[in-house]
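The values are calculated or read from the model by the stated rules, or taken from the named source; none is laboratory data. Only a predicted model underlies this, so the values are computations on that prediction, with no experimental measurement involved. Cβ placement follows ideal geometry from the backbone for every residue including glycine, while neighbour counts extend to all protein chains displayed.
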Amino acid sequence: MNLIAKAVALLRAGELVAFPTETVYGLGADASNANAVAKIFAAKGRPADHPLIVHIPDASHLARWARDVPHTAHTLAVMYWPGPLTLILKKQATVPDAVTGGQDTVGLRVPRHPLALQLLKEFNGGIAAPSANRFGRISPTVAEHVREELGDAVSLILDGGPCNVGIESTIVDLSRGQPVVLRPGAITAQQIAAILDMEVKEGATGNAPRVSGSLAAHYAPVTAMRLVPAERIEQQLAASLAQGKRVIVLARRPAPPGTHHLHWMLAAADAASYAQGLYANLRRLDQTGADLILVESPPPTEEWRAVWDRLARAECGAGP
Ligand code: TXA
Ligand code: MG
């Protein structure tokens, strides 16, 4: 039996399968099976009221999961699916509460990774999948990270190589009129506003549904981590070394002359490549044995917004 057929058989039997998407690896279960979905929460150590995204093979499946689908959803689906965009829509009554955390909405997305698409097409249904990490920890962007995070809790891990977007999908809430971006990602609020030709709000509003990726502390390394403005990074490094700290910098430019390579890790200078490597870099930094990670702040521009968001949450949730 090939691996996709094996994965489909496991999903139908109510087991968990980890699979690659273009954003991060997902931990999947049959979204129509509440018992299977419950296994996701157990494996991740995730609170049961945090809703999951349902991955579907294509937009023709929208009506099975969502009702009163607005034209804005169809427009965005035509433009961005398959791709790193999750739509929050009013749910069909048949969607299990285990998936939506009891809310009246459901998150839907068609991922772009070829293995994910093949899996979804052969499964021909919805796969509920959060990122395949333990709750609050760094999302996995290669199969090996999934094994590190979840070990034997997952029956099968499909290995599709490194994820090429590297951070989670943009989440846009279309369930209550004006679109609201609940989680920034590779597809920006500006792009969505331009395509819909409407104003798009950013950030959760008062009555917006819960997004666990929007908790202040998330995506976090175990080591202490600080964001430092670019112009202060060398001074801050020197000061920390002078205090006897084992410190390492993550910067978008090469180490200044005289800096030991153990104290400086080079990240990509453009936003898309930086995002692609971000979580693997945070994992590597976490494993260096350093007791402080200094991250050079990214530029304050729209294209860096999603990276900013993840770095700020990582800083907030990081170790002592
Ligand atoms: O790129 C991604 O979105 C990845 C891949 C695997 O598809 N998935 C992912 O799942 O990041 P997760 O569970 O780690 O984050 C999904 C976020 C959660 O913060 C959850 O609260 C939110 O989506 N979400 C899901 N359904 C929702 C709903 N009905 N209303 C509001 N937020 C929702
Ligand atoms: Mg996650």
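Entry remark, region 281-307: residues being surrounded by fewer than 18 Cβ atoms within 10 Å (Cβ to Cβ) and within 19 Å of the chain's Cα centre (by Cα) number 3 in total.
Within region 80-113, the set of residues being farther than 13 Å from SER169 by Cα, out of contact with any Leu (no Cβ under 6 Å at 6 or more places or on another chain) and not in a strand (DSSP E or B) comprises GLN92, ALA93, THR94, VAL95, PRO96, ASP97, ALA98, THR100, GLY101, GLY102, GLN103, ASP104.
Here is the figure for region 110-134: residues that are among the hydrophobic types (A, V, I, L, M, F, W, C) and either touching a His at 6+ places or on another chain (Cβ under 8 Å) or within 16 Å of ligand 2 (Cβ to nearest atom) (or both) total 7. For region 136-162, the tally of residues that are at negative phi and within 13 Å of ligand 2 (Cβ to nearest atom) stands at 9. Cβ-Cβ contacts under 6 Å between residues 6 or more apart (or on different chains), taken from a first residue in region 100-112 that is in the same structural domain as ARG183 (by TED's automatic domain parsing) and surrounded by fewer than 24 Cβ atoms within 10 Å (Cβ to Cβ) to a second residue that is small (Gly, Ala, Ser) and not in a strand (DSSP E or B), are listed as THR105/SER175; ARG112/GLY83. Note on region 165-183: among residues that are more than 12 Å from ligand 1 (Cβ to nearest atom) and more than 14 Å from THR75 (Cα to Cα), the one that is surrounded by the most Cβ atoms within 10 Å (Cβ to Cβ) is GLN178. Assessment of region 266-274 against the conditions (at pLDDT 95 or above and among the polar types (S, T, N, Q)) yields at least one matching residue.
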